[in-house]
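Data first, discussion second: the structure below is written as structure tokens.
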Amino acid sequence: MVRRANSRRGRKILRKERSIILIAAEGSNKTERAYFIEFNRLQKKYKIIMAGGNNTDPVKIVQDAADSAKKKDLDLKSGDLVYAVFDTDVGKEKQIEKTRKIAKNEKVGLILSNPCFELWLLMHFTFSTKSYSNNKAVCEELMRKWPKYKKNINSFEEIRGKQECAIKNAKKLKTFHIEMSEKTEIENWNPSTDVYQLVEMLTV
């Protein structure tokens, strides 16, 4: 939480600014970064900033988030928040289990998508419990529903009106997995995405 000192009639007044949400995204992928930054235009409760780093390893992404939070002097006790947003991909289950422990110690929230972030975008157009073998399969289906979509291009405004539908579909998908699976973590739920949790915070 950033505070600035203003002077009024000789007195110093501390003005409490909006809380910061710092997000560490995966690799050099611009899709997530461009998407979340757009929320700075739409709401005034949080200021969204992106962490540095170019990692794809979940543990390193979490560390990027924690390091950036310290460098930017975030105040987690006063409302600032830190998140790591990344894909589970296929075969990362054990790696993510380790990441969860580190994230808990570093006070970094995890926002995962299985198998990839594009599933969240797909939820704006359709609901399906069909699993995907890889990220490419998700992107191919997304392009069938949304022919104008291009990876790493900011198309936020094109789907902004479908946000409520996407949240509803993502929640419905989570309920499906809870009822049908013995597993309790998203890395075991294909398909699934946590992105709605962060979006809900930014649209209330």
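The values are calculated or read from the model by the stated rules, or taken from the named source; none is laboratory data. These numbers come from a predicted model, not from an experiment. Positions of Cβ are backbone-derived with ideal geometry, glycine not excepted, and every protein chain shown enters the neighbour counts. Surface accessibility is based on the protein's heavy atoms, side chains included, excluding ligands, DNA and RNA. Shrake-Rupley method; radii C 1.70, N 1.55, O 1.52, S 1.80 Å.
Structure summary
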item: Over the chain: helical MRE at 222 nm, DSSP H runs n ≥ 4 each giving -39500 (n - 2.57), nearest 500; result: -12500 deg cm²/dmol
item: Bridge type composition, the chain - antiparallel percent by DSSP, nearest 5; result: 35
item: Reach of LYS94 by Cα under 13 Å, taken over aspartates and glutamates that are not fewer than 8 positions away in the same chain; result: ASP57, GLU185, GLU187
item: Surface/4 of the Cα convex hull for region 40-102, nm²; result: 5.4
item: Neighbourhood net charge (13 Å Cβ-Cβ; Lys/Arg +1, Asp/Glu -1) for ARG160; result: -2
item: Gain on full stretching of the segment that runs from MET143 to THR203 - 0.36 nm per residue minus C-alpha separation; result: 19.0 nm
item: The chain - accessible surface per residue (Å², probe 1.4 Å); result: 56
item: Mean separation of Cα contacts under 8 Å (6+ apart) over length of the chain, as relative contact order %; result: 21
item: Gap separating the Cα centres of region 81-136 and region 25-80, nearest whole Å; result: 15
item: Potential lengthening between MET180 and GLU93 on full extension [0.36 nm per residue; Cα-Cα distance subtracted]; result: 29.4 nm
